[in-house]
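Notes follow the structure.
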Amino acid sequence: MQGICKRFGPTIALDQVSLNVNAGEVLALIGENGAGKSTLLKVLSGAHRADRGQISIGGKPYQPRGPLDARGAGVAMIYQELNLAPDLSVEDNILLGQAGTGKGLLFRKQQRQKIEEALEAVGLGSLSPTAIVGQQSIATQQLVEVARALISNAKIILFDEPTSSLPQKDVAQLFEIIDRLKKNNIGIVYISHFLEEVRTVADGYSVLRDGRSVGSGRMENVSDSEIISLMVGRDVSELYPNIPHDLGDVRLKIKSMRGQHSPHPIDLSIRAGEIFGIAGLVGSGRTELVRTLFGLDHLSGGQIELDGTRIKGSVKARMRAGLGMLSEDRKREGLAQELPIIENTTMGSLKRYLKFTLLDLDKRDNSAIELMKEVEVKAHSGYQNVAELSGGNQQKVAIARILHQNAKVLIMDEPTKGIDVGTKAEIYRMMGKLAAQGKTILFISSYLPELLSVCDRIGVMARGRLREIREAADWTEDSIMSVATSSDR
Amino acid sequence: MLKKLLWKFGPLFALVAILVFFAVAEKYWGQGQFLSTRNFRVMMNSAALIAVPAFGMTIIIISGGIDLSAGTALTLCGTVLAVMLKNAPTAAPDTFFGDDALAFTLWMFFALVLMTLTGAGCGLINGTIISATKVVPFIVTLGTMTIYLGVGQILSNESTVYAPKENVPEWLNLCYTGRIAENYLIPPINLFGQEIAFKIPSSVIITVILAGMAGILMRQTVFGRNVFAIGSSESTARLCGINAPLTLMAVYTLSGVFVAIGGLLYYADVKNGNPSDGQGKELEIIAAVVLGGGSLSGGRGSIIGTMVGALIITAIRSGCGLLSIPNTYTYIIIGCIIIIAVVVDQLRHGSPEWFFQMISRKTKTS
């Protein structure tokens, strides 16, 4: 790719970006959210058209008019959110949109052998082609997509954050498959936020920042911190800023709280000004714990006390008592994507703007804009829809909302999921500052390094139980994992 | 900038375009009546019949729902009113108060309350079932649509209810000026010996007042903002402590009140109550909302837009009528306009990218 440019209205998404992928090589495309990675991939896969610049594949100029065109030219894209028809069978999904499926008729039998070969190649030899895709695991579905790419004789496969929704063991399997594809002389572009991952899988790297290529080279010649400073444009020596905060009195006291299925009775007390981490595998009951605490899931037993007063009842009552929650599912639950920033920030707590039964909209807008500034949301204006913001900025809007609610206890479920390094550091700093103001923070995360660096204490959950609580300094990644995977009762 | 303005006031521009088109076309091929004040009055009058229940529908659609029962609920309310008028204890007197007038006034008051409760009740039933069972509003109101029709027919004995003319109070006749364009709610004012008549149809006044109330409700109250939040993302609203089930019940009940007022206008227009008149009305009401920029996926819609949408429908109908285009073709034209409006609306809010792609794909295959 040479000098690719792409504009969306006044925003320049891509500015003179160049990219080289060799056959049989994995190129890692690295950049913060909003750096233009996804736009670049969309140009490559024909979903967007470049305004300027040339692309060539194997020496031949390539100008895809649409996804179908791109596939014909040998470019296949595996999106972060999978692109399969869940109710159709594996083979039907693989054949979707394939050339040579007959003139409007499907000849399944003829294709069967090819499909089985492709499934074999991605390590799914045991999967029946007639199995329904929606019933398979996410990892399997992803591999079915890869098989679909193979059957269209793809020369280049683009992976957009393929591991963000995969459990650890499936990641290893995916890397094996990528290795195999490499040996078959397929060029691979791999987007990821996880540097460790990129290091295992990629041969070369290319870093994008603000829509420009800012550096590229061989993986073995570069250190992690060099890549990070390329991404962020400055040194992130302080990824985990150390903001001193003092612990106060016990603020949140949970007494044998139970949910319907999970969690099992939990006892926990957290102090004012404390950052309490909750670790555990997906499905260990972490999310259920905080949802029960916040009143989103049914409380089957036990008590919750905040500053000595018992809290119960609806989400609204708990919010009034001082709980605030950030959802792990930012896209669907955390924010109303099609509503403006202001609306999202003030949602659910508008009463304070009432003036003779009507809302004082100016006052509302001003205080929302104030909060936007405080958490440093980057946007044209407060009236911009949340959907147009990058993941990191969206998360800041969600944080602004909890601040707007004046919460004393901030429950943050995976607040840094899918967010670039620079914004992550900002969020850690914000958490530290809030704790210094005496707020209590419940920090749930799957990413152990951040828990270990940010929290005062960490509790590890497994199978719906809170197994063990220690000072953060007394934990290591290994000891957390061994408790999280323990099966003893 | 101009483009932005054009997008923002899209429905209004569409209305102007349609008015201009019919004004020109009718001038050449018709009798040049389209632009007459009389025709405008008639158009605004019939637009009111659609617009009033459509305000309620707008709120429902913003909340992410739909109400297919609005049409039959509307005629059910009209029928309730007709039955009450038919059974009035005395004929309608000239004044509200006085010895013999009091009984009728009380009866009339009772009739109006009953009619409003019927509409609100229909809405409450919809809202309760939707909130309690989580069945999609389309299916729930598809069911209640038939139920309300059946209830209406029981009430009317499967025929049309006519109230004797002397039982209908004058003010009710005045609520909907209809074809008698000389009657207005605001009496002429005598100014310096000159009589100035405000020839604004009363139905228009009612519509504008209701629009103002609904507009402020949606824009500047906690309830209104919560409805937008729920329509945009119910789970986010829940996370923010908004009681979605209760709000939705209120939304449908409130819409029922608008439907009841629509029923009053309907009665004032046709002067009888026929439950089966309502079949199909709901689609007209929904069409007005959609033409006005409401999104069936929720979170988007406007009261002013809906008013414009109702005017678009009546302008087309009136224009086609004056051009002596048969009804059958008018249906087809309105259908096409609705589809075009939704496509344009999607273009306006989605990225225009897909549109260009669609074109480029077409050029490729051809």
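Of B:Gly292, B:Gly298, B:Gly231, all but one fail to be within 23 Å of B:Ile216 (Cβ to Cβ) and in contact with a Pro (Cβ under 8 Å, 6 or more places away or on another chain); the exception is B:Gly292.
If you go through segment A:300-349 and keep only what is touching a residue at least 24 places away in the same chain (Cβ under 8 Å) and among the acidic types (Asp, Glu), you end up with A:Glu305, A:Asp307, A:Glu328, A:Glu338.
Across segment A:109-150, the qualifying residues are those that are among the β-branched types (Val, Ile, Thr) and closer than 25 Å to A:Pro67 by Cα, and the one among them that is modelled with the lowest pLDDT is A:Ile138. Total residues in segment A:47-63 satisfying the condition of being within 14 Å of chain B (Cβ to nearest Cβ) and either farther than 24 Å from A:Asn185 by Cβ or at pLDDT 80 or above (or both): the figure is 5.
Where helices (runs of 4 or more DSSP H) fall entirely within segment B:266-366, those with at least 2 residues that are surrounded by 15 or more Cβ atoms within 10 Å (Cβ to Cβ), at pLDDT 90 or above and not small (Gly, Ala, Ser) are at B:281-291, B:303-322.
Flag: A:Leu403 does not match the condition of being within 14 Å of another protein chain (Cβ to nearest Cβ) and either buried (at least 23 other Cβ atoms within 10 Å of the Cβ) or assigned to a strand (DSSP E or B) (or both). A Cβ distance below 9 Å, combined with a sequence gap of six or more or placement on separate chains, defines the contacts here; from segment A:109-135, residues that are in the same structural domain as A:Ile178 (by TED's automatic domain parsing) and surrounded by 15 or more Cβ atoms within 10 Å (Cβ to Cβ) reach residues that are modelled with pLDDT under 80 and of a type in the set (Val, Ile, Thr) in the pairs A:Gln111/A:Thr101. Residue-level check: of (1) closer than 11 Å to A:Ala279 by Cα; (2) surrounded by fewer than 20 Cβ atoms within 10 Å (Cβ to Cβ), A:Ala436 misses just (1). Of all the criteria given as (1) part of a loop (DSSP other than H, G, I, E, B); (2) touching a helix residue (DSSP H, G or I) at 6+ places or on another chain (Cβ under 6 Å), the one not satisfied by A:Thr423 is (1). Tallying residues that are within 25 Å of A:Gly432 (Cα to Cα) and polar (S, T, N, Q) within segment A:446-489 yields 4. Considering only residues in segment B:237-252 that are in contact with a Gly (Cβ under 6 Å, 6 or more places away or on another chain) and more than 10 Å from chain A (Cβ to nearest Cβ), the one that is surrounded by the most Cβ atoms within 10 Å (Cβ to Cβ) turns out to be B:Tyr252.
In this structure, is A:Thr416 modelled with pLDDT under 90, in a helix (DSSP H, G or I) and crowded, with 21+ Cβ neighbours inside 10 Å? Taking the combined requirement at face value, the residue does not satisfy it. In segment A:152-261, counting only strands (runs of 3 or more DSSP E) that sit wholly within it, the ones holding 3 or more residues that are surrounded by 19 or more Cβ atoms within 10 Å (Cβ to Cβ) and aliphatic (A, V, I, L, M) span A:156-160, A:187-191, A:250-259. Can you find even one residue in segment A:373-385 that is surrounded by 22 or more Cβ atoms within 10 Å (Cβ to Cβ), at pLDDT 85 or above and in a helix (DSSP H, G or I)? Within segment A:373-385 (the criterion being surrounded by 22 or more Cβ atoms within 10 Å (Cβ to Cβ), at pLDDT 85 or above and in a helix (DSSP H, G or I)), the answer is no, since none of the residues qualifies. When B:Ala23 is tested against (1) at pLDDT 85 or above; (2) closer than 16 Å to B:Ala287 by Cα; (3) of a type outside the set (Ser, Thr, Tyr), only condition (2) is not met. Residues in segment A:306-365 that are more than 26 Å from A:Gln384 (Cβ to Cβ) and crowded, with 22+ Cβ neighbours inside 10 Å were compared, and the one that is nearest to the other protein chains (Cβ to nearest Cβ) is A:Arg318.
The values are calculated or read from the model by the stated rules, or taken from the named source; none is laboratory data. As the structure is a prediction and not an experimental result, all values here were calculated from the model. Methodologically, a virtual Cβ is constructed for each residue, glycine included, from the backbone with ideal geometry; neighbour enumeration extends over all protein chains shown.
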